[in-house]
1. Any residue at all in the stretch 14-28 that's of a type outside the set (A, V, I, L, M, F, W, C), in contact with a Lys or Arg (Cβ under 8 Å, 6 or more places away or on another chain) and not assigned by TED's automatic domain parsing to the domain that holds residue 97?
2. Sort out which residues of the stretch 108-123 are charged (D, E, K, R) and over 19 Å from the mean Cα position of the chain (by Cα), and write them in order of number.
3. Where residues in the stretch 50-61 are part of a strand (DSSP E or B) and not β-branched (Val, Ile, Thr), which of them is farthest from residue 119 (Cα to Cα)?
4. What residue, among those in the stretch 35-63 that are among the acidic types (Asp, Glu) and out of contact with any strand residue (DSSP E or B) (no Cβ under 6 Å at 6 or more places or on another chain), is farthest from residue 11 (Cα to Cα)?
5. In the stretch 106-132, what residues are of a type in the set (D, E, K, R) and either in contact with a Phe, Trp or Tyr (Cβ under 6 Å, 6 or more places away or on another chain) or in a loop (DSSP other than H, G, I, E, B) (or both)?
6. Which of the residues belonging to the stretch 78-89 are among the small types (Gly, Ala, Ser) and either out of contact with any strand residue (DSSP E or B) (no Cβ under 6 Å at 6 or more places or on another chain) or farther than 28 Å from residue 114 by Cα (or both)?
7. Within the stretch 1-29, which residues are surrounded by 10 or more Cβ atoms within 10 Å (Cβ to Cβ) and either of a type in the set (A, V, I, L, M) or over 26 Å from residue 97 (Cβ atoms) (or both)?
8. Scan the stretch 116-140 residue by residue and report those that are touching a residue at least 24 places away in the same chain (Cβ under 8 Å), exposed (fewer than 15 other Cβ atoms within 10 Å of the Cβ) and not polar (S, T, N, Q).
Amino acid sequence: IKNQPIEINLKEFKEIYKEAGGSSLISLEVGGTKYLVLIHEIKKHPLTGELVHVDFYQPILTEEVEATIPLVFEGESLAVKELGGTLVREIQEVEVKALPQNLPHEIKVNIETIKTFEDEILIKDLEVPKDVKIQKSPDEIVVNIVPPQKVEEELEKPIEEKVEEVEKAEEKEGEEKEEPKEEEKETKKS
């Protein structure tokens, strides 16, 4: 299909986009002909956030395409619930490669498998259809849990160092401000 401007019903599009997302094929009818397309790009108004432009892309169904797929985190980790840890989502979405009709709408991540602070979910642990290839290192961390004491210790240490640096910087600024004043006095006397 050649590049052409079309007008779409905003309300209908929002409903379709909510269901399909940016990675699922949707049927688009133009001039009485239906085409299977992907949503390529969405532009929103900078102040209102309303949709102002949508680019559709008609892929070749026999060639793999790359798409960004959101991760949906489900469940509750025992390390958070019972041990008071903090859930850290290292990755929110992943790039995948697949035939257009095989692209998943989302990838679910079950965090209930994280029961201790040593447990983590890696890219290789994600459940994706066999014909979908994730374009990241299999050993990259997706999500883990940080113990509460560790977070507090890490936060306290840098803050103390920064306070000392600020105090030293303030002392230096005070000395620098005094010096020009003395020079100004000598210049005025001459």
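1. Step one: filter the stretch 14-28 for residues of a type outside the set (A, V, I, L, M, F, W, C), giving 14-15, 17-19, 21-24, 27.
Imposing the further condition that a residue be in contact with a Lys or Arg (Cβ under 8 Å, 6 or more places away or on another chain) reduces the set to 27.
Imposing the further condition that a residue be not assigned by TED's automatic domain parsing to the domain that holds residue 97 reduces the set to 27.
Scanning the stretch 14-28 turns up at least one residue that is of a type outside the set (A, V, I, L, M, F, W, C), in contact with a Lys or Arg (Cβ under 8 Å, 6 or more places away or on another chain) and not assigned by TED's automatic domain parsing to the domain that holds residue 97.
2. Answer for the stretch 108-123, where residues must be charged (D, E, K, R) and over 19 Å from the mean Cα position of the chain (by Cα): 112, 115, 118, 119.
3. Going through the stretch 50-61, the residues part of a strand (DSSP E or B) turn out to be 51-57.
Next, from what is left, pick out any that are not β-branched (Val, Ile, Thr): 51, 53, 55-57.
Working: 51: 41, 53: 43, 55: 41, 56: 41, 57: 40 Å.
So, considering only residues that are part of a strand (DSSP E or B) and not β-branched (Val, Ile, Thr), the one farthest from residue 119 (Cα to Cα) is 53.
4. Taking the stretch 35-63 first, the residues among the acidic types (Asp, Glu) are 41, 50, 55, 63.
With the extra rule that they be out of contact with any strand residue (DSSP E or B) (no Cβ under 6 Å at 6 or more places or on another chain), the set shrinks to 50, 63.
Values: 50: 11, 63: 32 Å.
Ranking the qualifying residues of the stretch 35-63, first place goes to 63.
5. Narrowing the stretch 106-132 to residues of a type in the set (D, E, K, R): 106, 108, 112, 115, 118-120, 124-125, 127, 130-131.
Scanning the stretch 106-132 gives 106, 115, 118, 119, 127, 130, 131.
6. If we filter the stretch 78-89 for residues that are among the small types (Gly, Ala, Ser), which is where we start, we get 79, 84-85.
The one that is among the small types (Gly, Ala, Ser) and either out of contact with any strand residue (DSSP E or B) (no Cβ under 6 Å at 6 or more places or on another chain) or farther than 28 Å from residue 114 by Cα (or both): 84.
7. Across the stretch 1-29, the qualifying residues are 1, 6, 8, 10, 13, 14, 15, 16, 20, 25, 26, 28.
8. Of the residues in the stretch 116-140, the ones touching a residue at least 24 places away in the same chain (Cβ under 8 Å) are 116-117, 119-120, 123, 126, 128-129, 131-136, 140.
Cutting the leftovers down to exposed (fewer than 15 other Cβ atoms within 10 Å of the Cβ) gives us 116, 129, 131, 133, 135, 140.
129, 131, 133, 140, listed by residue number.
The values are calculated or read from the model by the stated rules, or taken from the named source; none is laboratory data. This is a predicted model, so every value here is computed, not measured. Cβ: placed from backbone, ideal geometry, glycine included. Neighbour counts: every protein chain shown.
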